[in-house]
Amino acid sequence: METLDKGTKAEEYLCMQADRNKIPLSTAFELLPLCNMNCEMCYIRMSREELARQGRIGSADEWLHIAEEMKEAGTLFVLLTGGEPMMHPQFWEIYRGLRSMGMVVTINSNGTLIGRGAAERFASDLPRRVNITLYGADNDTYSRLCRNPHGFEQAMAGIRLLKERQVPVKLNASIVPENKEDLPKLLQIADDLDLPIEVNTYMFPCIRNGRNAYDPAARLSFQEAADCDIQIRRWEQKERFAAYAGEILKKWERAGESPAHSRQIACRAGKSSCWINWKREMTPCVFMEQPAVPISGGKALEGWRQIVAACAGIQLAEACGTCPKREICQRCAAAAYWETGEFGGVPEYLCRYTDEVIRRLNEICRDAEAAATCQ
Amino acid sequence: MKKNREFIMRTIGEDTVLIPVGQSTREFNGLITMNEPTAFIWEQIDQVDSFEALVDKITETYDVDRETARRDAYGIVSRMVRNGLIVPTREDHTW
């Protein structure tokens, strides 16, 4: 998961420079694992009792000390996340403190705790963006999936309050069996509100915080995931979808003409981005539990160096680097690890998911050609 | 001149940026990249008491003739004033 998403040209330039020089330009602060909702598929959320057994949340002072160290190391972009970060009792102190350091702050939130007061505070010192995750398109889905029967209306109210005050908002959504029927409506909501939306159809089969086995039924089958993927691409591309399908298929057909992918981590984790979890341990990204380096007590810079070294040593599967589907497949180091137990493993679920996407795109192109012939 | 305190300079590696905070974000919610001469002027702007003193600093630091330094500094300072990054402290607004 990129901690700095949909960047501007200036941001992309800074990322490129930071990747090259191994500067932690973008850091996520996972303030706490608590949330006011309780979503089926969430692998971060803990109850207060579970949290107390494993540790404690950091105070604003602790987080701002870490922020000062990361600032010295080169962090400019901070993502505040959780759980639900606005549940942190000192959320605003942390936000103000980061902003006074000149940090560019993005917040990941479920939006249900954003009332008029919070919207006014954001409006008086704008964040880069507030990413609101929608879990469904109505209260019924929120009730089934998140155990919050008013969650949808609360989230929508929060979004409207932010929009009225010109606070930048992006919608996020993750599709699971309980909300897959809501996908068309979620895309319609984005259209109606004129907001960007990022929809994830791939769910990492990961566990965290000492939980037991992952439940495969918690995510879509590869066919369902591919179906949702196609729906999203069709919505994004609109009338040029058939042409887009052709472009994607060309990447697959011509894979032999392009260089193999490096076996090293392709994303920014351990190059220009990192994740600091609620226990104040630094990891490469939210989906990688290891390496996890404790950084409290002035150890953030050293922690970053360890993360960089560890990530440089991670090797992905050679087969994935030469696979003809490599330009289309979503695999990453974390996905390979969680799907197979090894960074160098081949994630079968993603292979089949990508095969299905390609099959569907081929069908779409054939239908488009047939329609053009008939006209 | 004085800096608008709602712009914070950050240096990341070899790059320098200005970050708006507070109410300034209502005018511009992004980041402003600065080249080296602009960053130098930003750092000096509230340390000198006149435009000519600023030009002195530039010619002391960089291998540039005074006329070029004046011309370039005038352009940079004018843009900074226009965009609200710096504010005149003299009553006649000449500095």
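Read the figures in this text as sums done on the coordinates, not as results from a lab. No experiment lies behind these values; they were computed from the predicted model shown. Neighbour counts run over all protein chains shown; Cβ positions are idealised from the backbone, glycine included.
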message = Ignoring solvent entirely, what values of log10 I(q)/I(0) come out of the Debye formula for chain B at 0.11, 0.12, 0.22, 0.26 Å⁻¹ when each Cα is a single scatterer?
response = -0.32, -0.38, -1.18, -1.45
inquiry  = Using +1 at the C-beta of Lys and Arg and -1 at the C-beta of Asp and Glu, which of A:203, A:102, A:39 has the Cα lying farthest in the positive direction of the dipole of the protein assembly as shown?
reply    = A:39
remark   = Note to self, the protein assembly as shown gives a 222 nm [θ] from helices alone (DSSP H runs n ≥ 4, -39500 (n - 2.57) apiece, / all residues, nearest 500) of -13500 deg cm²/dmol
request  = Starting from the Cα of residue B:89, step 7 Å along the direction of its Cβ; do the same at residue A:13; then give the gap between the two resulting points in nm.
outcome  = 3.1
Length-normalised contact order of chain A in % [C-alpha pairs under 8 Å, at least 6 apart] = 17
ask   = Under a plain spin-label model, where a point goes 7 Å from the Cα along Cα-to-Cβ, how far apart in nm are residue A:299 and residue A:250?
value = 5.2
note = Fewest-first ordering of B:94, B:59 by Cβ atoms within 10 Å yields B:94, B:59
Whole-Hz ³J(HN,Hα) from phi, Karplus 6.51 cos²θ - 1.76 cosθ + 1.60, for segment A:309-326, glycine and proline x = 5, 5, 5, 5, x, 7, 10, 8, 5, 4, 4, 5, x, 10, 5, x, 8, 4
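Let me have the relative contact order for segment A:129-221, percent, based on Cα pairs under 8 Å that are six or more residues apart.
28
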task = Give, in nm to one decimal, the length gained when the segment between residue A:369 and residue A:208 is fully stretched (0.36 nm per residue of separation minus the Cα-Cα distance).
result = 53.2 nm
note = Which residues qualify? For residue A:110, with a placed amide H closer than 5 Å and at least 5 residues away or on another chain, they are A:133
ask   = Quick one: Karplus J couplings for segment A:192-199, per residue in order, coefficients 6.51, -1.76, 1.60, θ = phi - 60°, nearest Hz, x for Gly and Pro?
value = 4, 8, 6, 10, x, 9, 10, 10
message = For segment A:269-289 and segment A:137-166, what is the centre-to-centre distance using only Cα atoms, to the nearest Å?
response = 29
inquiry  = Tell me the relative contact order for chain B as a rounded percent, counting alpha carbon contacts under 8 Å between residues six or more apart.
reply    = 31
message = Can you compute the charge dipole magnitude of segment B:2-87 about its Cα centre, using +1 on each Lys and Arg Cβ and -1 on each Asp and Glu Cβ, nothing else charged? Give it in debye, rounded to the nearest 20.
response = 500
query = How far is it, in nm, from the label point at residue A:143 to the one at residue A:309 when both lie 7 Å from their Cα along the line to the Cβ?
reply = 5.5
inquiry  = Taking θ = phi - 60°, what integer Hz values does the Karplus form 6.51 cos²θ - 1.76 cosθ + 1.60 yield along segment A:338-344, in sequence order, with x for Gly and Pro?
reply    = 6, 7, 10, x, 9, 4, x
inquiry  = Using Cβ contacts closer than 10 Å as the measure, can you line up B:51, A:204, A:29 from fewest to most?
reply    = B:51, A:204, A:29
note = With a Förster distance of 41 angstrom and the Cβ-Cβ distance between residue A:193 and residue A:62, calculated FRET efficiency to the nearest 0.05 equals 0.65
ask   = In terms of modelled amide H atoms, which long-range or inter-chain residues lie less than 5 Å from the amide H of residue A:28?
value = A:79, A:274, A:275, A:276
inquiry  = I need the fraction of alpha carbon pairs in chain A separated by more than 39 Å, rounded to a whole percent.
reply    = 15
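Nearest 0.05, what FRET efficiency do residue A:238 and residue B:46 give at R0 = 51 Å with Cβ-Cβ as r? The partial results should precede the final answer.
Values: r = 51 Å, r/R0 = 1.01.
Computed FRET efficiency for residue A:238 and residue B:46 comes out at 0.50.
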inquiry  = I need B:78, A:59 ordered by Cβ neighbour count within 10 Å, fewest first.
reply    = B:78, A:59
Cut-off under 5 Å, modelled amide H: who pairs with residue A:174 long-range = A:200
